[in-house]
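Here the structure is laid out as structure tokens; the discussion comes afterwards.
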Amino acid sequence: MRLVILFLFIGFSSFGQSFNDSSNNERYYEDQFYLGVSYNFLLNQPDGSNQRNLSYGLSAGIIKDIPVNRSGTYAIGIGAGIALNSYYSNLVANLSEDTIVYSIEDNITRSKLETHLIEFPLELRWRNSTSEEYKFWRIYTGVKAAYIAGARSKFVSDATSDGFYNSDLSKFQYGLTLSFGYNTFNLHAYYALTNLFDGSASVNGEILQYKPLRIGLIFYIL
């Protein structure tokens, strides 16, 4: 994961050097690093399933800004980043002879599914900034594709604790995004259009069709 972070930041760093050079051109660029934190909801839960504890998400990356009008108020943003998302619920995964068996248990201390993703956001951007004004209102909307590089299930009860790599998740994820706010602090939402699981996992005869909804804050740093 450290190598991925190094690649992302070095690979895009050259773009960020001229984001605000307006001496010879009225256009300017809002190339940005971003940091995000969110609360993760699980939609389409099976009967008896509910969330517990604090399901959180963390993300970081960089976005290349491409203005599409002369004033720079409209732009396209293309980026890459990494993310960690955790989901706490009473859904328990057990590994038995290379098969993952799911059950819904209330008598547990903690059950977590954690995913590590490489993300690729694509945004349509509006902002009322100028080449000299760095504090401004923004509305960014778009899509975000992601590849799950790794996932782990873990549960803890009074009697036992177990964790293992979970291979039942859909490797490729995508969904809709919306960010709006002023200056550095902005509200951010992601709604998944794909299921978290790949369709092979079930509990009590019901196919797992979880869809994540993440709501939180995103910080843009020029």
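Residue by residue, here is whether (1) farther than 20 Å from residue 213 by Cβ; (2) among the β-branched types (Val, Ile, Thr) holds:
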residue: 104; (1), (2): yes, yes
residue: 120; (1), (2): no, no
residue: 134; (1), (2): yes, no
residue: 145; (1), (2): no, no
Exercise for review: Scan segment 201-209 and give yes if some residue there is in a strand (DSSP E or B), among the charged types (D, E, K, R) and out of contact with any Leu (no Cβ under 6 Å at 6 or more places or on another chain), otherwise no.
Suggested key: yes
Revision key, fill the gap. Conditions (1) open to solvent by less than 10 Å² (accessible area, probe 1.4 Å); (2) under 19 Å from the mean Cα position of the chain (by Cα) -> residue 118 fails only (1)
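Have a look at 149, 159 and point out the one that is more than 16 Å from residue 89 (Cβ to Cβ), out of contact with any Leu (no Cβ under 8 Å at 6 or more places or on another chain) and among the aliphatic types (A, V, I, L, M).
Values: 149 fails: out of contact with any Leu (no Cβ under 8 Å at 6 or more places or on another chain).
Answer to the selection: 159.
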Exercise for review: Check every one of the strands (runs of 3 or more DSSP E) wholly within segment 54-134 and list those with 1 or more residues that are under 17 Å from residue 150 (Cα atoms) and among the β-branched types (Val, Ile, Thr).
Suggested key: 74-88, 99-104, 110-127
Check your understanding: Would you call residue 130 open to solvent by 10 Å² or more (accessible area, probe 1.4 Å) and over 23 Å from residue 80 (Cα atoms)?
Key -> yes
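In segment 44-100, how many are over 30 Å from residue 110 (Cβ atoms) and either among the charged types (D, E, K, R) or in contact (Cβ under 8 Å) with a residue 40 or more places away in the chain (or both)? Even if it seems obvious, please write down each step before you answer.
Step one: list which residues in segment 44-100 are over 30 Å from residue 110 (Cβ atoms), which gives 62-80.
Okay, now just the ones that are also either among the charged types (D, E, K, R) or in contact (Cβ under 8 Å) with a residue 40 or more places away in the chain (or both), so 62-65, 67, 70-80.
Within segment 44-100, residues that are over 30 Å from residue 110 (Cβ atoms) and either among the charged types (D, E, K, R) or in contact (Cβ under 8 Å) with a residue 40 or more places away in the chain (or both) number 16.
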Practice item. State all residues of segment 149-187 that are open to solvent by less than 60 Å² (accessible area, probe 1.4 Å) and assigned to a loop (DSSP other than H, G, I, E, B); if no residue qualifies, say none. Key: 157, 166, 168, 170, 183, 184
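Listed here are the residues, each with its yes/no results for (1) open to solvent by 10 Å² or more (accessible area, probe 1.4 Å); (2) within 26 Å of residue 200 (Cα to Cα).
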residue: 51; (1), (2): yes, yes
residue: 70; (1), (2): yes, no
residue: 77; (1), (2): no, no
residue: 97; (1), (2): yes, yes
residue: 102; (1), (2): yes, yes
residue: 105; (1), (2): yes, yes
residue: 112; (1), (2): yes, yes
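The values are calculated or read from the model by the stated rules, or taken from the named source; none is laboratory data. Quick caveat: nothing in here was measured; it's all calculated off a predicted structure. As a convention, Cβ positions derive from the backbone with ideal geometry for all residues, glycine included, and neighbour counts pool all protein chains shown. Quick note on the areas: whole protein, heavy atoms, side chains included, nothing else; ligands and nucleic acids left out. Shrake-Rupley method; radii C 1.70, N 1.55, O 1.52, S 1.80 Å.
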